[in-house]
Amino acid sequence: MGAGPVTVRLARWSAEHPWRAIALWVVFVAVCFVGGSAAGLKEASGADQAVGESGRAGLIVAAGDFADPAVENVLITSRGGALDPAAARAAADDAAVRLRAVTGVASVGEPVTARDGSALLLPITMSGDPRTAADRVQPLRDATAEVQDGHPRLRVEQVGGPSINQALDDTLGDDFKRAELLSLPVTLAILIIAFGALIAAGVPVLLALSSVAAAMGLSTLASHLVPATDTTASVILLIGMAVGVDYSLFYVRREREERAKGRSGLDAVEIAAETSGHAVVVSGLAVMISMGGLLLADDAVFSSLAVGSILVVAVAVIGSLTVLPALLAKLGRWVDRPRVPLLWRLTAPRTGRHGGQASPRFWPAVLRPALRAPVATLVISVGLLLALATPALGMKMKFPGMEDLPRSTPAMQAYDRLTAAFPSNGTTHTVAVRAPAGEADRVEAALTALAGRASADPLFAPTEATGPRIEVSADRRVSVLEVATPHTSRTDEAVRSLDRLRDDLVPAALGGVPGVEYAVGGDIADSEDYSRHIRDKLPIVVGFVLLLTFLVMVLTFRSVVIALSSIVLNLLSAGAAYGLLVLVFQGDWAEGLLGFTSMGAIVTWLPLFLFVVLFGLSMDYHVFVVSRIREGVRAGMSNRDAVAYGITSSAGVVTSAAIVMVGVFSIFATLSTIDMKQLGVGLAAAILLDATIIRAVVLPALMTMLGDANWWAPRFLRARPAPAPTEPPAATPELVGSR
């Protein structure tokens with residue numbers, strides 16, 4: 001074997017010096033992880049995440065430096081029939097006495113009766129940092145439980161931001177622990193089935209986990225340049241496991257295949273590096289380009305996800321080119337031990353006319369229509385995918401609101417009773433105003449008049465008996481008014497109430513104040529502004545990803561047609577995934593099946609994130625499959641034979657990798673929150689469609705139909721003919737059929 005490209009040189013050095021390569025990798029992972037832990041994590045601030053008018057409202061409120069303590073409530077209602085005012089008042093007095101004695105309670109307010117007399121509300125102000133209130137709320141909940149025990153005829157329950165956050169943290173924490181505990185054994189089980197040997201199954205998991213550990217440390221360091229968010233670590237784990245297992249599968253399967261043909265261990269590693277290693281580099285670059293497109297979204301969350309994803313993919317690529325060849329060289333034939341008897345017979349690499357395929361009869365049957373009738377197969381399959389993608393044209397995007405959180409916890413059930421009795425404690429708009437201190441009285445009068453006009457409008461909740469909730473900062477430059485709406489955040493009426501404030505009520509009330517600056521924020525505004533932001537940025541991100549991916553594919557395969565077909569097929573895959581997501585989650589037919597309540601929309605951040613992840617992961621499969629097809633072409637096979645060889649020789653590893661990802665992503669569909677369900681279903685469905693219909697039906701039909709035109713390129717791009725790195729087998733007659 002000659003010197004070859006850099007992937008071959010790295011692999012040969014690692015295979016010849018396995019202990020050095022393994023030691024260097026261990027040191028690299030340890031330094032990254034320890035260095036990141038020592039540097040500490042810098043999290044994105046509210047200013048970093050400000051988007052649109054709602055973001056400006058948040059910045060104005062932050063400039064007021066309000067105390068904004070954490071607030072809890074004791075809600076007293078009847079268990080049946082009308083509420084007894086005297087009994088309710090006695091329970092409220094009992095609660096006030098008990099809670100004033102609890103450490104962490106700053107003050108207890110006066111009880112407030114609902115307008116319809118159905119409930120009594122006792123407000124509680126907590127001391128300390130409101131960001132940690134959820135961690136300190138349990139003693140208050142315990143005191144409320146004692147009040148409930150003393151008044152069994154009433155329903156006495158605690159509800160507020162800290163208690164809801166504590167309940168959700170417990171629920172979601174249990175969800176993610178279950179997902180993490182399930183994902184590793186599911187991945188291992190699928191890999192054992194794919195390889196039929198325990199060590200071979202463990203190697204991809206080992207590389208993936210070490211890559212994730214190194215990337216976690218590097219992302220912590222990178223957070224000092226691009227601040228991180230709460231979701232960064234989860235996405236690093238998700239992407240790292242996906243690509244780490246994929247790249248190892250590509251490499252290990254090829255090395256085993258070459259050894260089965262009689263190659264020496266070193267030569268098998270070198271061939272795997274020249275073929276699968278090259279595909280790993282190209283697909284890794286494609287994934288990094290896709291994730292890099294998120295940086296153009298001008299959003300702190302997406303920027304942190306982009307940096308974390310790029311780092312974990314880069315580390316996984318480096319590991320597959322260095323420590324993986326070293327492990328394979330050191331293990332030798334021990335990589336196929338210990339064997340699982342039945343699975344080993346089914347999955348052991350075979351030589352001969354099927355080129356190492358574990359199920360030689362299945363894939364020829366799947367491929368036969370594409371090879372014999374490519375035009376008809378292409379029209380039918382593409383037509384079906386386009387039909388599946390059509391619902392995406394009606395996609396609606398919204399942030400999940402309080403009504404979309406799981407109702408399995410007592411805190412959320414109490415919240416529903418609270419908002420029913422006291423609508424002003426439900427969904428609210430925040431009118432934030434900044435003006436010269438000398439205009440503070442005029443601003444307050446204008447906000448009071450604004451609250452009065454809003455109270456008379458059915459789009460808004462009536463003002464409380466105590467008057468509108470207006471806060472003024474200590475320097476009298478910032479004023480904040482909370483305007484409640486009785487409509488839940490995802491309804492059309494809630495959106496109309498936001499438009500009414502922004503377009504009519506607020507400008508009319510504050511337009512005449514000299515030097516005034518105002519903005520309307522809140523949960524509804526956040527959702528609407530972020531949806532608009534995503535719609536504006538999506539074409540920019542998509543255009544960037546498509547252009548750079550096209551250039552990478554052109555330079556890799558020296559073919560304009562291959563590059564264009566890659567783009568089209570991946571867009572088709574993403575479109576079908578979008579359509580399926582809309583079909584499942586914008587309607588209500590699947591609610592019982594997946595255990596969710598439809599919000600009539602897709603979570604706002606999901607379409608953009610799904611596009612870049614799916615486009616990147618789809619390129620993994622595409623590069624690997626087309627690389628095998630090109631091997632056949634370079635070895636002198638006809639285009640049709642090369643397509644048959646490329647699909648059948650790669651089908652096993654692509655299917656195994658896809659099953660791993662579908663299995664892991666499906667676990668996310670079992671989580672409690674609607675955004676995780678949509679993410680899991682979207683990713684799992686898209687990967688399944690891509691690895692089956694796209695790669696096994698549409699791609700071979702398209703490449704068979706195009707024939708030699710697949711490899712057309714302008715003269716300046718054409719590469720010199722190169723021999724295939726390993727002699728592929730001839731395509732079987734049942735694959736090719738009549739010409």
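The values are calculated or read from the model by the stated rules, or taken from the named source; none is laboratory data. None of these values were measured; they are calculated from a predicted model. Every residue, glycine among them, receives a Cβ derived from its backbone with ideal geometry; neighbour counts consider all protein chains shown. When the accessible area is computed, the model is the full protein with side chains, heavy atoms only, and any ligands, DNA or RNA have been set aside. Shrake-Rupley method; radii C 1.70, N 1.55, O 1.52, S 1.80 Å.
One residue stands out among those in region 634-656 that are β-branched (Val, Ile, Thr) and crowded, with 22+ Cβ neighbours inside 10 Å: the one that is modelled with the highest pLDDT, which is Val643.
For (1) over 27 Å from Leu606 (Cβ atoms); (2) touching an Asp or Glu at 6+ places or on another chain (Cβ under 7 Å); (3) open to solvent by less than 30 Å² (accessible area, probe 1.4 Å), each residue gets a yes or a no:
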{"site": "Thr488", "(1), (2), (3)": "no, yes, no"}
{"site": "Leu505", "(1), (2), (3)": "yes, no, yes"}
{"site": "Gly512", "(1), (2), (3)": "yes, no, no"}
{"site": "Tyr530", "(1), (2), (3)": "no, no, yes"}
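Given the criteria over 23 Å from Ala411 (Cα atoms) and acidic (Asp, Glu), does Asp129 qualify? The answer is no for Asp129. Selection of region 12-61 for residues being within 30 Å of Ala474 (Cα to Cα), among the small types (Gly, Ala, Ser) and surrounded by fewer than 16 Cβ atoms within 10 Å (Cβ to Cβ) yields Ser45, Gly46, Ala47. Count of region 89-106 residues, restricted to those that are touching a residue at least 12 places away in the same chain (Cβ under 8 Å), outside any loop (DSSP other than H, G, I, E, B) and open to solvent by 80 Å² or more (accessible area, probe 1.4 Å), is 2.
Residue by residue, here is whether (1) farther than 15 Å from Arg628 by Cβ; (2) modelled with pLDDT of 85 or more; (3) not hydroxyl-bearing (Ser, Thr, Tyr) holds:
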position: Val662; (1), (2), (3): yes, yes, yes
position: Phe668; (1), (2), (3): yes, no, yes
position: Leu671; (1), (2), (3): yes, no, yes
position: Leu679; (1), (2), (3): yes, yes, yes
position: Leu683; (1), (2), (3): yes, yes, yes
position: Ile693; (1), (2), (3): yes, yes, yes
position: Val698; (1), (2), (3): yes, yes, yes
position: Pro728; (1), (2), (3): no, no, yes
position: Gly737; (1), (2), (3): yes, no, yes
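Restricting attention to region 336-364, the residues that are assigned to a helix (DSSP H, G or I), open to solvent by 50 Å² or more (accessible area, probe 1.4 Å) and at pLDDT 70 or above total 3.
All conditions in (1) open to solvent by less than 50 Å² (accessible area, probe 1.4 Å); (2) in contact (Cβ under 8 Å) with a residue 12 or more places away in the chain; (3) in a helix (DSSP H, G or I); (4) out of contact with any Gly (no Cβ under 7 Å at 6 or more places or on another chain) hold for Gly383, with the sole exception of (2). Only one entry in Leu706, Leu688, Leu671 is free of Cβ contacts under 8 Å to residues at least 60 places away in the same chain and either within 24 Å of Gly592 (Cβ to Cβ) or open to solvent by 40 Å² or more (accessible area, probe 1.4 Å) (or both), namely Leu688.
Can you find a residue in region 214-231 that is open to solvent by 50 Å² or more (accessible area, probe 1.4 Å), part of a helix (DSSP H, G or I) and under 17 Å from Tyr247 (Cβ atoms)? So far as region 214-231 goes, no, none of its residues is open to solvent by 50 Å² or more (accessible area, probe 1.4 Å), part of a helix (DSSP H, G or I) and under 17 Å from Tyr247 (Cβ atoms).
Do we have Val613 as modelled with pLDDT of 85 or more, of a type in the set (A, V, I, L, M) and crowded, with 22+ Cβ neighbours inside 10 Å here? When the stated conditions are applied, Val613 passes them.
Just so you know, in region 449-487 the residues that are touching a helix residue (DSSP H, G or I) at 6+ places or on another chain (Cβ under 9 Å) and polar (S, T, N, Q) include one that is nearest to Ala508 (Cα to Cα), and it is Ser479.
Restricting Leu538, Leu546 to those that are over 30 Å from Ala440 (Cα atoms) and touching a residue at least 40 places away in the same chain (Cβ under 8 Å) reduces the list to Leu538. Within region 514-528, the residues that satisfy the criterion of being open to solvent by 30 Å² or more (accessible area, probe 1.4 Å) and within 21 Å of Leu606 (Cα to Cα) are Asp523, Asp526, Glu528.
The set of residues in region 39-74 that are of a type in the set (S, T, N, Q) and in contact with a strand residue (DSSP E or B) (Cβ under 9 Å, 6 or more places away or on another chain) comprises Ser54, Asn73. Could you please find all residues in region 128-158 being in contact with a strand residue (DSSP E or B) (Cβ under 9 Å, 6 or more places away or on another chain), outside any helix (DSSP H, G or I) and at pLDDT below 90? Answer for region 128-158, where residues must be in contact with a strand residue (DSSP E or B) (Cβ under 9 Å, 6 or more places away or on another chain), outside any helix (DSSP H, G or I) and at pLDDT below 90: just Gly128. Consider Leu41 carefully, then state whether it is in contact with a helix residue (DSSP H, G or I) (Cβ under 8 Å, 6 or more places away or on another chain), at negative phi and in a loop (DSSP other than H, G, I, E, B). Judged against the criteria, Leu41 is a match. In region 62-88, the residue that is surrounded by the fewest Cβ atoms within 10 Å (Cβ to Cβ) out of those that are within 14 Å of Arg417 (Cβ to Cβ) and in contact with a helix residue (DSSP H, G or I) (Cβ under 9 Å, 6 or more places away or on another chain) is Ser78. Scanning region 237-255 for residues that are open to solvent by 10 Å² or more (accessible area, probe 1.4 Å) and either under 24 Å from the mean Cα position of the chain (by Cα) or of a type in the set (Gly, Ala, Ser) (or both) returns Leu237, Leu238, Met241. The residue pairs whose first member lies in region 436-453 and is free of Cβ contacts under 8 Å to residues at least 60 places away in the same chain, whose second member is buried (at least 18 other Cβ atoms within 10 Å of the Cβ) and in a helix (DSSP H, G or I), and whose beta carbons are closer than 7 Å, counting only pairs six or more residues apart or on different chains, are Arg453/Leu505.
Here is a yes/no grid of residues against (1) within 27 Å of Ala272 (Cβ to Cβ); (2) over 14 Å from the mean Cα position of the chain (by Cα); (3) among the aliphatic types (A, V, I, L, M):
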{"position": "Gly587", "(1), (2), (3)": "no, yes, no"}
{"position": "Phe596", "(1), (2), (3)": "no, yes, no"}
{"position": "Val623", "(1), (2), (3)": "yes, yes, yes"}
{"position": "Val626", "(1), (2), (3)": "yes, yes, yes"}
{"position": "Val643", "(1), (2), (3)": "yes, yes, yes"}
{"position": "Val664", "(1), (2), (3)": "yes, no, yes"}
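Among the residues of region 118-176, those that are under 35 Å from the mean Cα position of the chain (by Cα), closer than 25 Å to Ala420 by Cβ and hydroxyl-bearing (Ser, Thr, Tyr) comprise Ser163, Thr171. Restricting attention to region 107-120 and to residues that are surrounded by fewer than 13 Cβ atoms within 10 Å (Cβ to Cβ) and modelled with pLDDT of 90 or more, the residue that is farthest from Ala87 (Cα to Cα) turns out to be Ser107.
Taking the condition open to solvent by less than 10 Å² (accessible area, probe 1.4 Å) and either over 24 Å from Leu555 (Cβ atoms) or at pLDDT 85 or above (or both), does Ala297 pass? Yes.
Out of Gly646, Gly587, one residue alone is assigned to a helix (DSSP H, G or I) and without any contact (Cβ under 8 Å) to a residue 60 or more places away in the chain. It is Gly646.
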